[in-house]
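Chemist: Take this structure first; my questions come after.
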Amino acid sequence: MAIAPNKVYLIPPGKNLVVKAGKLHLSEQQARKVHGVISFPINIFFHSLADSYAEQAVGIVLSGTGSDGTQGVQAIKEAGGTVLVQDPQTAEFDGMPQSAIATGIVDRVLPPADLAALLYEF
């Protein structure tokens, strides 16, 4: 499907989502490990975002457990994009924000409302 402004898209269970040429593409999840590294769906999406939009890509990591998204935000940053993370003190689960922050590449760490305002400014 074509990406539309002012919409929120969720990745359905058991699926991967990638962006190519301004369209979202769903596929079945395959093995959880790619090259010996766990490939969380958000990492796959962030990698495709970096490939498609380079310096215009913005990755936002919000509340969650584990390290989901960490590899993907590294790809976004390497492509010249922007990485935003929820302030762990405002997160119900701080694992994902802490993991992203630990990379040392995060551009901004803010509460969710401030992240939304900053994204709107972009």
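Chemist: Of the residues LEU119, LEU49, which single one is within 26 Å of PRO5 (Cβ to Cβ) and modelled with pLDDT of 95 or more?
Modeler: Of the residues listed, the single one that is within 26 Å of PRO5 (Cβ to Cβ) and modelled with pLDDT of 95 or more is LEU49.
Chemist: From the set of residues in the range 17-42 that are under 20 Å from SER67 (Cβ atoms) and surrounded by fewer than 13 Cβ atoms within 10 Å (Cβ to Cβ), which is modelled with the lowest pLDDT?
Modeler: Per the stated criteria, the residue is HIS35.
Chemist: Select from the range 69-117 the residues that are among the β-branched types (Val, Ile, Thr) and over 21 Å from ILE44 (Cβ atoms) and list them in ascending order.
Modeler: THR90, ILE101, VAL109
Chemist: Could you name every one of the strands (runs of 3 or more DSSP E) located completely within the range 28-122 that has at least 2 residues being within 15 Å of the chain's Cα centre (by Cα) and under 25 Å from GLY14 (Cβ atoms)?
Modeler: The strands (runs of 3 or more DSSP E) meeting that bar are 58-61.
Chemist: Still on this structure, please answer the following. When you look at VAL85, is it over 19 Å from VAL18 (Cβ atoms), of a type in the set (Val, Ile, Thr) and either buried (at least 21 other Cβ atoms within 10 Å of the Cβ) or in contact with a helix residue (DSSP H, G or I) (Cβ under 8 Å, 6 or more places away or on another chain) (or both), yes or no?
Modeler: Yes, satisfied.
Chemist: Among the listed residues THR65, THR70, THR82, which satisfies the condition of being touching a residue at least 40 places away in the same chain (Cβ under 8 Å) and not basic (Lys, Arg)?
Modeler: Only one candidate qualifies: THR82.
Chemist: Right, something else. Can you run down the residue pairs with Cβ atoms below 9 Å, 6 or more apart or on separate chains, where the first is in the range 4-20 and without any contact (Cβ under 8 Å) to a residue 24 or more places away in the chain and the partner is β-branched (Val, Ile, Thr) and part of a loop (DSSP other than H, G, I, E, B)?
Modeler: Every condition considered, the pairs that remain are TYR9/ILE3.
The values are calculated or read from the model by the stated rules, or taken from the named source; none is laboratory data. Given the structure is predicted, the values throughout are model-derived calculations rather than measurements. As a convention, Cβ positions derive from the backbone with ideal geometry for all residues, glycine included, and neighbour counts pool all protein chains shown.
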